[in-house]
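What follows is calculated from the coordinates using simple rules that are stated; it is not laboratory data. Just so you know, these numbers come straight off a predicted model, no measurement behind them. Cβ atoms come from the backbone with ideal geometry, glycine included; neighbour counts cover every protein chain shown.
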Amino acid sequence: MKRLLVILVLSSFLFGCGTAAKQSEFWEHDTQFKDWDHTKFSLWQYKNPTAETYKKSIEQGWWGIEVPYIPAD
């Protein structure tokens, strides 16, 4: 019985992660970072963003799906 429960929980977890990965376009990319500029920014420069890094991020599409801000009622 414990084995069945573990298999059920594990499969639920994997199916849930698979759905999230599909929405995040994880499977469509062969790397975690878009290019070397994105890698350098994510590892070292993220604490001090500049207008130049912002411009690069927009032009090169570093970030995924944009999530709109919806204020609470």
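Quick notes on this one:
- Within-13-Å neighbourhood charge of Ser57 [Cβ basis; K, R +1; D, E -1]: -1
- Shown in residue order for the stretch 35-52 are the 3J(HN,Hα) couplings computed by the Karplus curve 6.51 cos²θ - 1.76 cosθ + 1.60 at θ = phi - 60°: 7, 5, 5, 5, 4, 4, 5, 5, 8, 10, 9, 5, 7, 10, x, 10, 5, 5 Hz (x for Gly and Pro).
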